[in-house]
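J.: This is the structure, below, for whatever I ask next.
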Amino acid sequence: MLRRLKLAYAAYNAFKPHLLRHNLPAYKAYGLRKFYFSPVSSADFAHLPAQQLPLPTVAAIRQTALYQQADADTRASLEAYPETGFAVLKGFLTPEEAEAINREVKGLMDSGAVKYRYRNKLTQLILRSDNIREKGLRSPLLELLGVLLQGKARLFHSINFIPGSEQHTH
């Protein structure tokens with residue numbers, strides 16, 4: 001309940017100027033009249049003209065190493081990405097790799113190094129696990145993400161859901 005209160009976030013953020021002041025030039029560029037500690041939402045950008053982001057071409061997706069190494073289901077999912085906005089990378093992790101990650105996450109949780117946030121969310125495991133970081137930084141994945149996002153992809157945050165996010169689409 002408390003995390004839904006913007007005032008609580010603003011109060012918390014007010015004590016973090018060294019982490020948030022870098023946002024001020026972006027606020028100014030987008031015409032936002034906000035303090036560094038103020039919450040920002042999509043409503044703050046309603047005055048900006050709508051932009052249609054360019055979509056990647058299927059031809060560009062097909063040229064990536066991950067696509068070329070993928071099975072037929074993953075290829076079909078990647079080819080549908082420009083229309084659907086998502087792709088399932090079946091087999092990106094082997095069953096053994098997935099099990100090793102699950103064991104490591106359990107160990108991190110058992111030791112208290114990571115805890116659930118908001119009932120079911122584990123954040124920033126990429127900072128606590130060389131194994132997870134290595135999987136996320138695989139160059140075929142970064143190459144594919146660069147094509148899908150049409151820019152250089154960089155992994156900077158991770159969110160893991162054990163039972164599922166239970167969130168509405170956003």
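J.: List the pairs whose first member sits in segment 70-86 and is free of Cβ contacts under 8 Å to residues at least 40 places away in the same chain, whose second member is surrounded by 13 or more Cβ atoms within 10 Å (Cβ to Cβ) and of a type in the set (Gly, Ala, Ser), and whose Cβ atoms are under 7 Å apart, counting only residues at least 6 apart or on separate chains?
T.: Between residues of segment 70-86 that are free of Cβ contacts under 8 Å to residues at least 40 places away in the same chain and residues that are surrounded by 13 or more Cβ atoms within 10 Å (Cβ to Cβ) and of a type in the set (Gly, Ala, Ser), the close pairs are SER77/ALA87.
J.: Which residue pairs have Cβ atoms under 8 Å apart, sit 6 or more places apart or on different chains, and have a first residue in segment 19-33 that is under 15 Å from HIS47 (Cβ atoms) and a second that is surrounded by 11 or more Cβ atoms within 10 Å (Cβ to Cβ) and among the hydroxyl-bearing types (Ser, Thr, Tyr)?
T.: ARG33/TYR27
J.: With respect to LEU93, is the statement that it is open to solvent by 40 Å² or more (accessible area, probe 1.4 Å), among the hydrophobic types (A, V, I, L, M, F, W, C), closer than 26 Å to ASN131 by Cα and without any contact (Cβ under 8 Å) to a residue 60 or more places away in the chain true?
T.: The answer is yes for LEU93.
J.: Please determine whether any residue of segment 43-61 is acidic (Asp, Glu) and exposed (fewer than 11 other Cβ atoms within 10 Å of the Cβ).
T.: no
J.: Take the residues of segment 1-42 that are hydrophobic (A, V, I, L, M, F, W, C), open to solvent by 100 Å² or more (accessible area, probe 1.4 Å) and at pLDDT below 85: which is farthest from ARG119 (Cα to Cα)?
T.: Within segment 1-42, the match that is farthest from ARG119 (Cα to Cα) is LEU7.
J.: Here's something else I'd like to know. Just checking, how many residues over segment 108-160 are open to solvent by 30 Å² or more (accessible area, probe 1.4 Å) and either of a type in the set (Phe, Trp, Tyr) or assigned to a loop (DSSP other than H, G, I, E, B) (or both)?
T.: The number of residues fulfilling the criteria is 16.
J.: Right, next: Could you say whether any residue in segment 73-82 is at pLDDT below 90 and of a type in the set (A, V, I, L, M)?
T.: Scanning segment 73-82 turns up no residue that is at pLDDT below 90 and of a type in the set (A, V, I, L, M).
The values are calculated or read from the model by the stated rules, or taken from the named source; none is laboratory data. Not measured: the values here are computed from a predicted model. Don't worry about glycine lacking a Cβ; one is built from the backbone with ideal geometry, like all the others, and counts go over all protein chains shown. Side chains are part of the model used for accessible areas, which takes the heavy atoms of the whole protein and leaves out ligands, DNA and RNA. Shrake-Rupley method; radii C 1.70, N 1.55, O 1.52, S 1.80 Å.
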